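Peer 1: Before I ask anything, here is the structure I am working with.
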Amino acid sequence: MLQLFIASVFLFSCSDFYRPGQLEKIDVLLIELEEIQDLCDRSELDTIPLIISEVERLEYTIKQNYLDDTLSLAFAKKLDSYQSIRKNLTPLNGIGPALIKTINIERVAIKNLREDVLYCTGDRAMFEYNISFEAESVNDLRQLAQQCISIKESNVETFNNLHDDLRLYSLKLENQNKER
């Protein structure tokens with residue numbers, strides 16, 4: 001009986017042996033989540049709807065005021081590139097707040113896991129699996145954020161390169177139509 005008691009104490013203390021390493025892994029995940037959120041905040045993903053709205057407004061103005069039958073090739077290329085901004089950014093519309101919400105949900109899950117590990121509640125045998133699962137989730141969030149930011153940045157660059165020229169052109173078209 002005493003041997004059974006000693007064996008059970010030994011088994012429980014062995015699982016406690018892994019606790020500091022597990023807590024360290026969890027703390028790293030929490031730091032990574034903060035970095036992802038900071039990356040999202042700095043990239044201003046919440047400005048995507050404003051860009052889409054401006055592109056749509058300018059497209060509408062040009063369509064309403066362009067009366068010629070043909071477009072020059074250079075202008076058609078500019079307009080096509082400009083319209084692709086809306087097409088590329090529309091799937092990302094609203095992604096900023098959704099991504100932050102998902103980060104917050106993940107943060108709560110990781111903090112709960114940390115509490116479980118710290119106080120040895122729950123199934124100890126599943127701690128490593130749960131840590132790996134959360135690590136994959138954080139990695140997926142990082143990849144999604146980086147992909148969204150990359151798409152946004154390339155389209156914002158196109159927007160910045162073309163918007164002023166097309167805006168001036170649309171104003172010119174409006175003025176010509178007022179004179180007619």
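No value in this document is a laboratory result; all are computed from the given coordinates. No experiment lies behind these values; they were computed from the predicted model shown. Here the Cβ is made from the backbone with ideal geometry for all residues, glycine too, and neighbour counts use every protein chain on show.
Peer 1: Any chance you could tell me what percent of the C-alpha pair distances in the chain go past 23 Å?
Peer 2: 60 percent
Peer 1: So how do 120, 40 line up by other beta-carbon neighbours within 10 Å, fewest first?
Peer 2: 120, 40
Peer 1: Also: Taking springs between alpha-carbon atoms closer than 10 angstrom, which of 98, 74, 145 fluctuates most in the Gaussian network model of the chain?
Peer 2: Top of the fluctuation ranking is 74.
Peer 1: Segment 44-99: D in µm²/s via Stokes-Einstein (Kirkwood Rh, Cα pairs, 10 °C, 1.306 mPa s)?
Peer 2: Roughly 127 µm²/s, to the nearest whole number.
Peer 1: Quick one: order 55, 156, 108, 28 by neighbouring beta-carbon count within 10 Å, fewest to most.
Peer 2: 108, 28, 156, 55
Peer 1: Could you work out the local net charge near residue 152, counting Lys and Arg as +1, Asp and Glu as -1, over the other residues with Cβ closer than 11 Å to its Cβ?
Peer 2: Result for the local shell: -4.
Peer 1: Please give me the summed charge of the neighbours of residue 28: other residues whose Cβ is under 12 Å from its Cβ, Lys and Arg +1, Asp and Glu -1.
Peer 2: -4
Peer 1: Could I ask something else about it? Can you compute the helix-only [θ] at 222 nm over the chain? Use -39500 (n - 2.57) per DSSP H run of at least 4 residues, normalise by all residues, nearest 500 deg cm²/dmol.
Peer 2: -30500 deg cm²/dmol
Peer 1: Hey, another quick one. At 18 angstrom or more along the helix axis (alpha-carbon based) and mean Kyte-Doolittle of 1.6 or higher, what helices does the chain contain? Whole DSSP H runs only.
Peer 2: Helices meeting the span and hydropathy rule in the chain are 2-17.
Peer 1: Now for a separate question. Taking the Cα centre as origin and putting +1 on Lys and Arg beta-carbons and -1 on Asp and Glu beta-carbons, what dipole magnitude results for segment 20-179, to the nearest 20 debye?
Peer 2: For this selection, approximately 480 debye.
Peer 1: By how many nm would the segment from residue 84 to residue 105 lengthen if fully extended, with 0.36 nm per residue of separation less the alpha-carbon distance?
Peer 2: My answer for the length gained is 4.3 nm.
Peer 1: How much FRET efficiency would the formula 1/(1 + (r/R0)^6) give for residue 41 and residue 72, where r is the Cβ-Cβ distance and R0 is 41 Å, rounded to 0.05?
Peer 2: Once the sixth-power term is evaluated, E becomes 0.50.
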